[in-house]
Amino acid sequence: MAFTEFRPLDEKSLIDYIKATPSLSSKLGDKSDNLTTKEVGDGNLNFVYIVIGASGSVVIKQALPYIRCIGESWPMTKERAYFEALALKEHGQLCPDHVPEVYHFDRTMSLIGMRYLEPPHIIFRKGLIAGIEYPLLAEHMSEYMAKTLFCTSLLYRTTTEHKRAVAEFCGNVELCRLTEQVVFSDPYKISQFNRWTSPYLDRDAEAVREDNILKLEIAELKSKFCERTQALVHGDLHTGSVMVTLDSTQVIDPEFAFYGPMGFDIGAYVGNLILAFFAQDGHADEGNDRTAYKEWILRTIEETWTLFYKKFTALWHQHKDGSGEAYLPEIYNKPELQKLVQEKYMEDLLHDTLGFGAAKMIRRIVGVAHVEDFESIKDDVKRAACERRALEVAKMLLKERRNFRDISGVVSAIRRV
Ligand code: ADP
Ligand code: SR1
Ligand code: MG
């Protein structure tokens, strides 16, 4: 069977596709008649199949021309698969230990074949709900963010290389526009897509829509999101985009990738950890009050930023005489000036991280797409109480982010709520 034009696959036609595609069939062993396939997509947008053969496995991800969790009434370009494959390859080259290998990409079919992250890998968000500690996670995530963000920025690249890459990823405009809508616009106005734990949070949602200072701040962040091409960001780096075991951390799902502010990625990740922190009281029971786990989450936030800072500035130091054109060595050659420049850069980045992180928290409480951390709390009253505390912290971080000088101050502020 030829696949010369786009068609949505199912568990059966997928087998024909694999048999006709050597880069996939070669991963699965000889007896390609004995393949098992299972659709496991629990994300918001796409279809994901696990395929197991006699001596290997692959994951096949296909984008259909709409948003899966809403349905065909919300069309969305299937070209998102192209940008996901491009970002997986680019980030995978920079940080192969933490990005699954791409085996195959078919632009016509909007289809990616990649490494199957086999059990015991689970989605990190599910681990957070279950209360599992991951000892290497901060080390791994800080490495992923430091390498991918530093090496795609002007601290490492020439302006010519950078502009060419920016131009390519400008093509992912529809996914960026989706984020503009659901993160920076809808939560601040009446929208048919918004929802929240009603009636308990009705007043809270209304307060977001009536808060002028919040609107001032979110406008500034939206402008940065749309206008700043600082690095190739993942674009959707929440805890559902990370798969983990106790010793492996893998970042999946960069279909929202584009050249944007670094703080959008770090903020998405940290913001989702803060959401997980506030959800813990809803998961507590007689056997486990989750106090120790909440401390682990706070420690993870602090270690992630601290290690990221260390690794990012180490890369900067290592490449200070390289081809990056942001701070030319002829001008910034004095150690005291380099220190000044780095401190300013990293402080601005912390403020962006807090701002974007807060925006990502707010959208998950009063916007269209919610998180399992809260959704799995069955008691509405309990869930609303957890969500309200998270919302209050997010509003504070968004408005007061410039007053924080380091991550320990942020963690203390979260603990005080
Ligand atoms: P979406 O783009 O719809 O958000 P995701 O990329 O997040 O889709 O994938 C949806 C689900 O499929 C994940 O939550 C995970 O359970 C599973 N999955 C995705 N990629 C892999 C992979 N490489 N290995 C194993 N499971 C995967
Ligand atoms: C309709 S919004 C769906 C959301 O899911 C994705 O993971 C992105 O976060 C997007 O905003
Ligand atoms: Mg996803």
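The table below gives the values:
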{"item": "Close pairs from the stretch 315-343: first more than 17 Å from GLN230 (Cα to Cα) and among the polar types (S, T, N, Q), partner assigned to a loop (DSSP other than H, G, I, E, B) and open to solvent by 50 Å² or more (accessible area, probe 1.4 Å), Cβ under 6 Å, at least 6 apart", "result": "GLN338/TYR332"}
{"item": "Subset of the stretch 324-336 [modelled with pLDDT of 95 or more and surrounded by 12 or more Cβ atoms within 10 Å (Cβ to Cβ)]", "result": "GLY324, GLU325, ALA326, TYR327, TYR332"}
{"item": "Scope the stretch 106-120; condition farther than 20 Å from ASP10 by Cβ and more than 16 Å from ligand 3 (Cβ to nearest atom); matching residues", "result": "ARG107, ARG115, GLU118, PRO119, PRO120"}
{"item": "Those residues of the stretch 41-69 which are among the charged types (D, E, K, R) and within 12 Å of ligand 2 (Cβ to nearest atom), in sequence order", "result": "ASP42, ARG68"}
{"item": "Flag for GLN318 being among the polar types (S, T, N, Q) and either more than 25 Å from GLY260 (Cα to Cα) or out of contact with any helix residue (DSSP H, G or I) (no Cβ under 7 Å at 6 or more places or on another chain) (or both)", "result": "yes"}
{"item": "Those helices (runs of 4 or more DSSP H) lying entirely in the stretch 1-107 with at least 3 residues open to solvent by 60 Å² or more (accessible area, probe 1.4 Å), of a type outside the set (Val, Ile, Thr) and within 14 Å of ligand 1 (Cβ to nearest atom)", "result": "none"}
{"item": "Test for SER241: is it closer than 14 Å to LEU175 by Cβ, within 16 Å of ligand 1 (Cβ to nearest atom) and polar (S, T, N, Q)", "result": "yes"}
{"item": "Meets criteria (in a helix (DSSP H, G or I), closer than 30 Å to LYS215 by Cβ and open to solvent by less than 20 Å² (accessible area, probe 1.4 Å)) for ARG388", "result": "no"}
{"item": "Residue in the stretch 179-189 that is within 16 Å of ligand 2 (Cβ to nearest atom), charged (D, E, K, R) and touching a Cys at 6+ places or on another chain (Cβ under 8 Å) present", "result": "yes"}
{"item": "Single unsatisfied condition, LEU88 versus (1) modelled with pLDDT of 95 or more; (2) more than 16 Å from ligand 3 (Cβ to nearest atom)", "result": "(2)"}
{"item": "Of all residues making up the stretch 113-127, the number that are more than 16 Å from ligand 2 (Cβ to nearest atom) and open to solvent by less than 70 Å² (accessible area, probe 1.4 Å)", "result": "7"}
{"item": "Residues satisfying the stated conditions in the stretch 185-204, i.e. surrounded by fewer than 21 Cβ atoms within 10 Å (Cβ to Cβ), in contact (Cβ under 8 Å) with a residue 60 or more places away in the chain and part of a helix (DSSP H, G or I)", "result": "ASP186, ASP204"}
{"item": "Of all residues making up the stretch 221-269, the number that are part of a strand (DSSP E or B), within 14 Å of ligand 3 (Cβ to nearest atom) and β-branched (Val, Ile, Thr)", "result": "2"}
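The values are calculated or read from the model by the stated rules, or taken from the named source; none is laboratory data. Here the structure is a predicted model, which means the values were calculated and not measured. When we count neighbours, we look across all protein chains shown, and the Cβ atoms used for this are built from the backbone with ideal geometry, even at glycine. Heavy atoms of the whole protein, side chains included, go into the accessibility calculation; ligands, DNA and RNA do not. Shrake-Rupley method; radii C 1.70, N 1.55, O 1.52, S 1.80 Å.
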